[in-house]
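The values are calculated or read from the model by the stated rules, or taken from the named source; none is laboratory data. Fair warning: this is a prediction, and the values are worked out from it, not measured in the lab. Glycine also receives a Cβ, built like all others from the backbone with ideal geometry; neighbour counts cover every protein chain displayed. The area values use the complete protein model at the heavy-atom level, side chains included, leaving out ligands, DNA and RNA. Shrake-Rupley method; radii C 1.70, N 1.55, O 1.52, S 1.80 Å.
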Amino acid sequence: MTDTPHLADTSPQHWKYISEGGSSIVFSYSGPPHPAFNGIALRLRKAPVPELRRHEDTEQHQQPQFGEGEEHEPDDPTIVFQHAVIERLVPRQFLPRLDAVRVDRVWLQELSDQIEAQRPAQRRMKDRIDRGRRKAVLATDLVGGSGWAVEIKPKWGFLPAPAHLSEETREIKTRTCRFCMHAHLKSAQGESVALGYCPLDLFSRDRQRVTRALCTLWDVWIASGATVNNLRVFVEGQKLTPTADPISLAPLAAHLFPPEDPPVRTQTLDAIRDAFTSALLPLLLDTPVLQTLSTLQRTLDSLDVDGLSALWARLRPEHATKLGKGEPEPTIGDWTRFVDTYLAPHARDGDTASPEETEDELRYRLLAYLLSASFKDCSLILRMRPGQAGTITMIDLDVKGIDRLVKWAKLDREIIDAYRGVAPRNCVDSWASSV
Ligand SMILES: [Zn+2]
């Protein structure tokens, strides 16, 4: 691993805070030209604040097992998973390059001190950079540099096939998509949510429907001040936080309108929204990425959580209602064998046939469902650079833990229960018959 670059070759001051999610925080390199770091983003893991001290103490006791150089810490699971699994399922041109980088505690501490004040207050209360790590992830910087970029979290792009749904959910689940039902529940619980956005519109490749999806995401983005995470906008590497005043959108509008147009301050919100959707539309109508994503989600989740739970209950009657309980986390070897089977021609075309009641089948279906969850939760970065064609990249394809299954099964029941008796939305799945 001697060719793994080290962050100590750069100053923490040359890394600019970009954004953060639940488990990691992202920076973009903005220092002097450097072959290993130009155009590169850095992704660091976070650790919860109360646990951090304990983690660091424990980590110090454990240090000897890494050897004197600490460089034997394995690469971040995101890198291992992307190389072994994701790159076999998604064409490389739609994925960021991911590489390991070494880092030390002093450097992380310095970076942490320097950027803490820029982080959202509610995040700072919960977590911070995990300074116990000795490795981090370098990725293609998809939002920095000239031009602008949009991050869309598309979510579930398919309606389940009826074959494995239970009697009591079939009618509901084949009419309204999972995202729209979940949005209804969240909204009823007072959470801010992309209400009105239907992923099946975004995935449809129909001009009118894709426009509607983008307009809805935009309206929610404005109304929520960018706090709902289905849409984020970056201009020259800076995350844009909109208000109802069009002037807050000036950095974006400067890229959307030709210089001879009236000044940005005279543009209305609607005019900026129309220019925004028109700029993104050709890319979303052309790209094969959305269909790839929808097909992966649909074929990996071909039983629905209903069918998976039924198979589980037959083979694990002692834990019938605890999906996945006691099952070991998949190793990279397990994932490699899983992808071999998934990609083998006609190995499991069980979309309508009942799954076999065997241990092999159960394990295969559990892993398939976990992997479908990674694709349901990923983001797309649409990058628009002056004078260049727009590009789309699929990011945040992290491996999900098997212990999440029981929560997802429970959430599914809550979502369905909250949707009973509601005037249902009719969500149209354009790709249902083409898989
Ligand atoms: Zn929908």
Global form of the range 142-435, assessed from the alpha-carbon gyration tensor, a/c cut-off 1.5 | prolate
Sort Arg212, Arg102 from largest to smallest accessible area, using a 1.4 Å probe on the heavy atoms of the protein chains.
-> Arg212, Arg102
Carbon and sulfur atoms: what percent of the 1.4 Å accessible area of the chain do they account for?
-> 51
Accessible area of the chain divided out per residue, in Å², using a probe of 1.4 angstrom | 46
Within the set of other residues whose C-beta is less than 12 Å from the C-beta of Asp9, count the net charge using Lys and Arg as +1 and Asp and Glu as -1.
-> 0
Separation of the range 191-212 and the range 359-392 by C-alpha centroid, Å?
-> 18
For Gly39, the net charge from surrounding residues (Cβ-Cβ under 14 Å; K, R +1; D, E -1) works out to +1
Taking the Cβ of Asp274 as the centre, find all other residues whose Cβ is under 14 Å away and add up their charges (Lys, Arg: +1; Asp, Glu: -1).
-> 0
Rounded to the nearest 10 Å², what accessible area does Leu343 show when all protein chains are kept and the probe is 1.4 Å?
-> 80
Please give the length that would be gained between Ser166 and Lys407 if that part of the chain were fully extended, namely 0.36 nm times their separation in residues minus their C-alpha to C-alpha distance (nm, one decimal).
-> 84.9 nm
Span from the the range 223-252 Cα centroid across to the the range 281-312 one, whole angstrom | 29
